[in-house]
Each structure stands twice: as structure tokens, then as C-alpha cells.
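Participant: Sharing a structure, written as C-alpha cells. Questions coming.
What follows is calculated from the coordinates using simple rules that are stated; it is not laboratory data. Because the structure is a prediction, the values reported are computed rather than measured. Every residue, glycine as well, gets a Cβ built from its backbone with ideal geometry; the counts of neighbours run over all protein chains shown.
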Amino acid sequence: MHLEKLSLLNFKNYTDLELELSPRINCFVGNNGEGKTNLFDSIYYLSFCKSYFNPVDTMNIRHGEEFFMIQGTFSKNGDAENILCSLKKNQGKKFKRNEKEYQKLSEHIGLIPLVMVSPADSSLILEGSEERRKYLNGVISQYDKDYLLNLIKYNKILLQRNQLLKDFASRRYFEPDSLEVWDEQLVYLGRQIFEKREAFIQQLLPIFQYYYDFISEEHEKVELNYDSQLINNDFATAIKESWEKDRVIQHTSVGVHKDDLKFHLSGYPIKKQGSQGQQKTFLLALKMAQYDFLKEVNRVKPLILLDDVFDKLDKNRVTQVIKLVSKDNFGQIFITDTNEQHLADILARIPVEHRVFKVKDGGLTILENGD
């Protein structure tokens with residue numbers, strides 16, 4: 001699968017852009033702030049129906065305009081897929097596949113499998129557990145529709161249960177039967193979500209370990225562990241036992257909404273122990289493993305977007321990454337870099353079809369169109 005054409009209208013710093021792409025490697029070079037990452041975000045929109053960076057859709061409309069539009073033409077298993085996203089201020093977001101509008105955006109998730117690697121991924125290591133749960137949900141939802149639907153239902157029920165706990169406190173009453181109604185639904189959905197997450201991590205672990213060992217040339221020992229209250233506890237029992245605590249704090253303290261991933265380097269949290277290069281290697285190995293996993297379950301090669309991926313990596317690790325992306329198991333690849341010569345040196349070591357674009361002030365020019 002690959003993206004053949006991309007059109008942008010009033011998206012972030014792009015006024016009007018038409019772009020034809022290579023089916024293998026597309027590189028975008030330019031100074032920071034010129035629009036390289038914005039371009040990647042538009043491609044991400046076409047896969048996930050939202051921005052990778054900004055959860056407020058209207059903030060992605062070009063300043064002074066009233067709407068934005070993103071359109072992409074993909075080739076998937078020999079068939080054309082035309083995807084269009086549009087948003088007008090004070091109106092809902094619209095998504096169309098081959099001119100037919102989706103009734104629910106969740107119906108689109110998974111059609112265009114994609115893996116994004118960005119400096120913003122450092123939040124997976126540096127920020128709280130919510131970021132790592134978002135990562136889990138984003139990956140699993142790309143190949144499992146039931147998981148996505150169960151997650152949406154779980155979050156709605158969680159809100160209802162938390163509101164009920166607040167009502168108990170404000171009105172100074174307690175109805176066990178009302179709480180049990182929400183608990184039963186939360187437990188049913190939570191168990192299914194937990195099982196899917198646990199199975200995903202078990203399958204991802206050996207692939208992740210392979211990629212980290214390859215990029216680091218086996219110089220470090222890393223660990224990736226799934227942490228959940230449900231691993232050693234029955235959810236139904238645990239949530240019943242949490243009633244008194246939940247009534248005091250007025251929200252639900254037990255469930256898969258508390259899950260986390262633990263990242264370790266040489267037995268210590270990588271957040272504290274790892275250098276910037278080691279942390280970036282960890283995240284890159286995680287995303288490469290995600291790529292392999294999605295490729296296997298979807299039977300199609302996802303798009304992979306490598307935004308400023310070579311920064312903070314030493315020469316040896318850059319060489320190892322280049323070896324990886326030049327292999328046939330990767331499909332269409334997008335790369336950004338601020339250094340034109342650096343990018344040229346990298347491409348000289350990847351003997352595959354590629355295009356290089358210069359990005360400046362929201363405009364693009366082709367620098368190279370080679371094999």
C-alpha cells in the first residue's frame with residue numbers, strides 16, 4: 001500500500017498544495033518551522049481521522065481561513081482508495097472514502113495502517129500513563145474493530161460511573177444496586193480490553209527486542225512490561241472492594257483505564273537511566289516492532305513516517321536504521337531532516353526509488369527524483 005497523491009487546502013501553514021509521491025521513499029528537507037511535520041500530520045489525519053499533535057481540529061485550520069481540506073489517493077492491493085477529510089469552523093468534521101461519507105469515524109480506523117515516529121513520542125517515556133495507554137489503543141484499534149468499539153463503550157460507562165459517585169457525594173446517599181449496574185458492564189468490557197492488550201504485548205515483545213538489539217548492536221539490555229491491576233486480580237472482585245475508596249475520591253480507581261507500560265534500561269526506568277540516544281532507540285525499536293506487527297495482522301505494509309528520526313542517534317545507530325529501512329519488508333517510507341547533505345548521504349546508502357522535496361514557507365520543490 002502507498003500514498004500516490006496528496007492535496008492540502010488551508011491546512012496549518014499550507015495554502016494550496018498538490019503532491020505526487022514515490023511508492024518507496026519520500027524525503028522532505030528544510031529548516032525547522034517550514035512545514036515538514038505539518039505535512040506528516042496531514043497524512044496521519046488520513047489514517048486516524050485526527051491530528052497526531054493537536055486534539056483540537058479547528059486549530060489545524062490555516063490562520064485567517066474558515067476551513068481546511070486534506071485529500072489523499074492511495075493504492076491498496078491494486079485498488080484506488082480516495083480519502084477526503086474536511087473541516088469547517090462551527091461544523092462537524094467530515095470524512096469520505098471514495099466519495100461516500102462515513103457515518104462514524106471509527107469505521108475508517110484500520111483502512112490505512114500507518115506508523116508515525118516523531119520527537120513528540122518522547123512523551124511515551126517522559127509523561128504519565130495516559131500517553132502509553134493512548135499508544136496501546138492506537139495500535140490495537142488499527143487491526144481490531146471490536147477492541148475499538150469496546151474501548152469507546154468502556155469510556156462512556158466509566159464516565160457514567162464516575163458521575164454517579166459524584167452524585168452520591170453531593171446528595172449524601174448511596175445506592176449499591178445503581179453502582180452494580182455500571183460495574184457489571186465495566187467488568188465485562190474491561191476484561192476483553194485487558195485480554196487484547198495482554199496478547200498484543202506478548203506478541204510485540206520479541207519483535208521489539210530484536211529491533212532494539214539490531215539498532216544498538218546489542219550494547220544494552222532493555223525491558224518492556226505490561227502493568228495492569230487485572231493481571232493478578234479478578235476485576236469484578238477488585239472493583240467491588242474499591243467501593244468505599246471510590247466514594248471518597250469520587251472516581252473509579254480500579255480498571256483498565258489505569259493500565260500502563262513499564263520501560264526499563266539495564267533494570268532501571270529508562271526515563272531516569274537512559275540518554276537521549278538510548279531513549280530514541282527504545283522508541284524507534286517500539287515503532288518498528290509496531291510496524292512489523294501491523295504488517296503481519298493486516299497482510300499489508302503500513303506507511304511509516306520518520307520525522308527527524310536521525311537526530312540524537314550516533315553514527316553507528318544511524319547506519320543500523322538505514323540498513324533496516326532499505327530492506328524489502330518496508331513499503332512506503334517518509335523521512336524528514338533539516339540537513340540536506342546529511343539526507344543525501346543517507347540516500348546514497350539506500351539503493352531504492354526515492355524523491356527528495358525541499359520544504360520552505362509551506363511550499364515544496366523537487367530536489368531529486370531518483371532510483
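Participant: Treat every Asp and Glu Cβ in region 120-299 as -1 and every Lys and Arg Cβ as +1, leave all other atoms uncharged, and give the resulting dipole magnitude about the Cα centre to the nearest 20 debye. Kindly include the intermediate steps, with their values, before the conclusion.
Facilitator: Details: 25 positive and 28 negative charges, 104 e Å.
Roughly 500 debye, rounded to the nearest 20.
Participant: Taking a spot 7 Å from the Cα of Gln209 along the direction of its beta carbon, which residues of region 254-288 have an amide N less than 20 Å from it?
Facilitator: Residues 261-270, 279, 281-288 fall inside that zone.
Participant: Using the alpha-carbon centroid of each, what span in Å lies between region 212-227 and region 297-328?
Facilitator: Their Cα centres are 16 Å away from one another.
Participant: Follow-up question, since we're still on this one. May I ask you to derive the relative contact order of region 48-195, considering only C-alpha pairs under 8 Å and at least 6 residues apart, and to give it as an integer percent? Before the final figure, lay out the partial values.
Facilitator: On the way: 126 pairs, mean separation 20.5, N = 148.
The normalised contact order for region 48-195 reaches 14 percent.
Participant: Evaluate the relative contact order of region 215-283 (contact order divided by residue number), counting alpha-carbon pairs under 8 angstrom at least 6 apart; express in whole percent. Don't skip to the end; give the middle numbers.
Facilitator: On the way: 62 pairs, mean separation 29.4, N = 69.
That works out to 43 percent.
Participant: Please report, in debye to the nearest 20, how large the charge dipole of region 157-201 is about its Cα centre when each Lys and Arg carries +1 at its beta carbon and each Asp and Glu carries -1 there.
Facilitator: On the way: 7 positive and 8 negative charges, 52 e Å.
Dipole of region 157-201, to the nearest 20 debye: 240 debye.
Participant: Mind putting a number on the dipole of the chain about its Cα centre? Charges go on the C-beta only, +1 for Lys and Arg and -1 for Asp and Glu, and I need it in Debye to the nearest 20.
Facilitator: 540 debye
Participant: Strictly over 20 Å apart at the Cα level, which of Lys12/Lys134; Lys271/Lys315; Lys280/Lys315 would you flag in this model?
Facilitator: On the way: Lys12/Lys134 24 Å; Lys271/Lys315 23 Å; Lys280/Lys315 14 Å.
With Cα atoms farther than 20 Å apart: Lys12/Lys134; Lys271/Lys315.
Participant: Additional query: Can you give me the relative contact order of the chain as a percent, contacts being Cα pairs under 8 Å and 6 or more apart? Don't skip to the answer; put the middle values down first.
Facilitator: On the way: 630 pairs, mean separation 92.7, N = 371.
Value for the chain: 25 percent.
Participant: Loop only by DSSP, 12 or fewer other Cβ within 10 Å of the Cβ. Give me the trypsin sites (Lys or Arg not before Pro) in region 117-178 that pass, ordered by residue number. Walk me through the intermediate numbers first.
Facilitator: On the way: sites: Arg132, Arg133, Lys134, Lys145, Lys153, Lys156, Arg161, Lys166, Arg171, Arg172; in loops: Arg172.
Answer in residue order: Arg172.
Participant: Dipole of the chain (Lys/Arg Cβ +1, Asp/Glu Cβ -1, origin at the Cα centre): which of Leu158, Ile270, Ala285 lies farthest to the positive side?
Facilitator: Checking the options against the dipole of the chain, the answer is Leu158.
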